[in-house]
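Asks: I have a structure here, written as structure tokens, and I will follow up with some questions on it.
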Amino acid sequence: MRRSLLPLLAAALLLPGAAAMAAPKDWSGVRIGLSRDACYGSCPVYTVEIAGDGTVTYEGGPFTVIQGRHQATVPRAALERLVAQIEAADFFALQPAYQAGVTDMPAYTITVSIDGRQHMVLDYLGREVGMPAAVTALEDEIDRVAGTGRWVAGTEETIPLLKTAGFDFRSEAAADLLADAARGERMAFLQGLLAEGAPLDGRGGGRGSSALLHAARGKAAIEAALIEAGLRRGTKVDLTQALGIAAQAGDAPHVRELLAHGGAVDGRLVAGLTPIMVASTAETVRLLAASGADVNARAENGATALRMASTEDVALALLDAKADPAIGTDPFGGKTPFHDQARDAGWTRVLAKLGKS
């Protein structure tokens, strides 16, 4: 929900009035804080405070990569620019709260103390009730200056922090982080986790994230990195998980390569899925079927590859491979007949092949 207005703020800070603003008389009393609270979902919960001597104190809660209390430092120049932005936003003249009449959204709070002046601004979907855009920009700038991304979401700086904390990179928690990095397309963090051995076969549910397979869907660079990791590691488990990702991506060349290196054609992925169940193109279906994939295998919810077909061409390729339209549940575990699924999807060629209209 956050919008970056830093270019506008940067321009504002170049105005004569902004440049003339006096620096704090007593830097030892400067405190700039930001808290981001829970929502109905997986919003990261944390607080951060930057002191006048440059000390950053972070306290991470639920849905952050690194929880607990941690500290860092920032240079005086960065803090001076942040104070100038606070003054340019006329922070001390803002209302103490901007609260929209909705529920289940996260609340963000900025607290500032400079030379005896103290003020707090609560942002609860404030942009909907007239909150100046400069407040959102200030929230984002406090995050940027404090470097909260290393603790909250995961950056290239996070890996050494996790190492120092004794984190087990081969654990289910590591799988959670890998899936979360894939979903957020945080490539540097993802690459760092892969280099440390984060597993490709975790369900990735501990932080509210989807399984790695689903988190990577449609993200070509992420899929490529995961496939490469599977090939590089070369274990049956890693090759099989990479095979599922390649099948989902419709990446026929890598499907061939992974099969040749020993990826299990009927290996189980998350929720009992097999590579052919997530294959997104007719070509990958044919490759997997020709390699002996069981086209009538069932996932944990009872659905078969045919019942989960993403396109009509995929469904036709599965039917050509002798997929049985009479078995399995629908993709949601229900009892909708396959020909009704096909009719609802407008798959006229499939209906003709089934002798239905």
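Asks: Pick out the one residue from Leu239, Leu258, Leu231 that is farther than 25 Å from Ala303 by Cβ, touching a helix residue (DSSP H, G or I) at 6+ places or on another chain (Cβ under 7 Å) and free of Cβ contacts under 8 Å to residues at least 40 places away in the same chain.
Replies: Leu231
Asks: Within segment 19-27, is even one residue in a strand (DSSP E or B) and crowded, with 16+ Cβ neighbours inside 10 Å?
Replies: no
Asks: Let me ask something else about it. Is there a residue being of a type in the set (Val, Ile, Thr), farther than 28 Å from Leu177 by Cα and free of Cβ contacts under 8 Å to residues at least 60 places away in the same chain anywhere in segment 147-157?
Replies: no
Asks: Exactly one of (1) under 17 Å from the mean Cα position of the chain (by Cα); (2) over 17 Å from Ala175 (Cα atoms); (3) buried (at least 24 other Cβ atoms within 10 Å of the Cβ) is unmet by Met277. Its number?
Replies: Against the list (1) under 17 Å from the mean Cα position of the chain (by Cα); (2) over 17 Å from Ala175 (Cα atoms); (3) buried (at least 24 other Cβ atoms within 10 Å of the Cβ), Met277 comes up short only on (1).
Asks: Could you name every one of the helices (runs of 4 or more DSSP H) located completely within segment 277-357 that has at least 1 residues being under 22 Å from Ala264 (Cβ atoms) and not charged (D, E, K, R)?
Replies: Because the criterion is at least 1 residues that are under 22 Å from Ala264 (Cβ atoms) and not charged (D, E, K, R), the helices (runs of 4 or more DSSP H) in segment 277-357 that meet it are 282-290, 312-320.
Asks: Restricting to segment 237-272, count the residues that are in a helix (DSSP H, G or I) and under 17 Å from Leu212 (Cβ atoms).
Replies: Going residue by residue through segment 237-272, those that are in a helix (DSSP H, G or I) are 237-249, 252-260, 270-272.
Pick out the ones that are also under 17 Å from Leu212 (Cβ atoms) and you get 237-249, 254, 258, 270-272.
Summing the residues that are in a helix (DSSP H, G or I) and under 17 Å from Leu212 (Cβ atoms) in segment 237-272 gives 18.
Asks: From the list Leu239, Leu258, Leu243, Leu231, pick out the single residue that is within 26 Å of Asp330 (Cβ to Cβ) and not hydroxyl-bearing (Ser, Thr, Tyr). Steps first, please.
Replies: Values: Leu239 fails: within 26 Å of Asp330 (Cβ to Cβ); Leu258 fails: within 26 Å of Asp330 (Cβ to Cβ); Leu231 fails: within 26 Å of Asp330 (Cβ to Cβ).
Going through Leu239, Leu258, Leu243, Leu231 in turn, the sole match is Leu243.
Asks: Output the number of the condition that Pro325 fails; it satisfies all remaining conditions of (1) loosely packed, with under 15 Cβ neighbours inside 10 Å; (2) of a type outside the set (S, T, N, Q); (3) in contact with a Leu (Cβ under 7 Å, 6 or more places away or on another chain).
Replies: Here Pro325 clears every test but (1).
Asks: Within segment 149-171, is even one residue assigned to a helix (DSSP H, G or I), farther than 27 Å from Gly52 by Cβ and in contact with a Ser or Thr (Cβ under 8 Å, 6 or more places away or on another chain)?
Replies: no
Asks: If you don't mind, there's one more thing I want to ask. Please enumerate the residues belonging to segment 115-130 that are over 28 Å from the mean Cα position of the chain (by Cα) and not in a helix (DSSP H, G or I).
Replies: Listed by number, the residues that qualify are Asp115, Gly116, Arg117, Gln118, His119, Met120, Val121, Gly130.
Asks: Pairs, please: C-beta under 7 Å, at least 6 apart or cross-chain, first residue over 19 Å from Glu141 (Cα atoms) and in the same structural domain as Leu82 (by the TED database) and in segment 37-62, second among the polar types (S, T, N, Q) and in a loop (DSSP other than H, G, I, E, B)?
Replies: What qualifies is Gly61/Gln67.
Asks: Return the residues of segment 312-334 that are of a type outside the set (Val, Ile, Thr) and within 33 Å of the chain's Cα centre (by Cα); say none if nothing qualifies.
Replies: Initial filter on segment 312-334 (of a type outside the set (Val, Ile, Thr)): 312-313, 315-326, 328, 330-334.
Answer for segment 312-334, where residues must be of a type outside the set (Val, Ile, Thr) and within 33 Å of the chain's Cα centre (by Cα): Glu312, Asp313, Ala315, Ala317, Leu318, Gly328, Asp330, Pro331, Phe332, Gly333, Gly334.
Asks: Got at least one residue in segment 20-32 being under 14 Å from Asp140 (Cα atoms), modelled with pLDDT of 95 or more and of a type outside the set (D, E, K, R)?
Replies: Taking every residue of segment 20-32 in turn, at least one turns out to be under 14 Å from Asp140 (Cα atoms), modelled with pLDDT of 95 or more and of a type outside the set (D, E, K, R).
Asks: Within segment 198-216, can one find any residue that is at pLDDT below 90 and among the aliphatic types (A, V, I, L, M)?
Replies: Scanning segment 198-216, I find at least one residue that is at pLDDT below 90 and among the aliphatic types (A, V, I, L, M), so the answer is yes.
Asks: Do the conditions hold for Asp180, that is, is it over 23 Å from Gly267 (Cβ atoms), at pLDDT below 95 and either acidic (Asp, Glu) or crowded, with 20+ Cβ neighbours inside 10 Å (or both)? Steps first, answer last, please.
Replies: Details: over 23 Å from Gly267 (Cβ atoms): yes; at pLDDT below 95: yes; either acidic (Asp, Glu) or crowded, with 20+ Cβ neighbours inside 10 Å (or both): yes.
Yes.
The values are calculated or read from the model by the stated rules, or taken from the named source; none is laboratory data. Please read these numbers as outputs of a predicted model, since none were measured by experiment. Using ideal geometry, Cβ is built from the backbone for each residue, glycine included, and neighbour counts are taken over all protein chains shown.
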